[in-house]
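Structure, as structure tokens:
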Amino acid sequence: MLDRIGDKADFAYCRFDPEIGATVAFRLLDKESDTELLWRWMNQPHVVPQWKMAKPIELIADYIERNLEDPHQDPYIGFIDGVPMSYWEAYWAKEDILGQHYPALEKDRGWHMLVGDPSFFGRGFAPAVIRAFTRFLFLDDPQTAKVVGEPAVAARRLLRYAPECAFEEQGEIELPDKRAKLMFCHRETFLQRFGI
């Protein structure tokens, strides 16, 4: 099933999701092979308003390099059945600007994401990939008790999926680039609903 993207050993996370009948996988972004892909995604009309990264490919390559060198975050490419479809940035919340807006714990994790390939819209995949990435963060560090998020208040589609993925709204916060909803997903709640 994953022959289009290599051996399962290449992935940080790879699991079949019976709810969508597909395998969800994530691997670290690779500058050599993923720069053009991320550049295309950042220039998609549905991505530009949120990410504001419709820039020349050289600037996307610089962005990737900075992200790969940043010790407080890790960039990933997400796949469904071997097809790259999303970009993710996992970060340590206490070291992020978000950590200034609530009493962040040392191991709190957060993520930013975009669905780059619009052909994946409307097919019921969003909650499954959000749950998969959240599960991956809990698996990645057993001391992570909470995964946090700060979607823009205007990101109605993403906010609609939050309860399905065990994220609970904590209120609104003002960030430099947006008014956002502070969201928490607690390990115990996630475990009870979805298991690890």
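The values are calculated or read from the model by the stated rules, or taken from the named source; none is laboratory data. Just so it is clear, the structure is predicted and the values come from calculations on it, not from any experiment. For neighbour counting, all protein chains shown are included, and Cβ atoms are generated from backbone atoms with ideal geometry for every residue, glycine included.
The figures follow:
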item	result
Output for the range 92-128, where each listed residue is over 15 Å from residue 151 (Cβ atoms) and aliphatic (A, V, I, L, M)	104, 105, 128
Subset tally (residues that are in contact (Cβ under 8 Å) with a residue 60 or more places away in the chain, hydrophobic (A, V, I, L, M, F, W, C) and not in a strand (DSSP E or B)) for the range 80-114	2
Failed condition for residue 176, given (1) modelled with pLDDT under 95; (2) closer than 20 Å to residue 13 by Cα; (3) not hydrophobic (A, V, I, L, M, F, W, C)	(2)
Listing of helices (runs of 4 or more DSSP H) fully contained in the range 4-75 that carry 2 or more residues being touching a Pro at 6+ places or on another chain (Cβ under 9 Å)	31-42, 57-69
Selection within the range 33-65 - within 20 Å of residue 150 (Cβ to Cβ) and either of a type in the set (S, T, N, Q) or touching a His at 6+ places or on another chain (Cβ under 8 Å) (or both)	50
The range 174-191, subset part of a strand (DSSP E or B), free of Cβ contacts under 8 Å to residues at least 60 places away in the same chain and of a type in the set (A, V, I, L, M, F, W, C), residue farthest from residue 162 (Cα to Cα)	180
Selection from the range 111-167 of residues that are of a type in the set (S, T, N, Q) and at pLDDT below 95	119
Residue list for the range 145-154, filter: within 22 Å of residue 118 (Cα to Cα), buried (at least 16 other Cβ atoms within 10 Å of the Cβ) and among the hydrophobic types (A, V, I, L, M, F, W, C)	152
Test: residue 142 is within 20 Å of residue 12 (Cβ to Cβ), free of Cβ contacts under 8 Å to residues at least 24 places away in the same chain and not in a helix (DSSP H, G or I)	yes
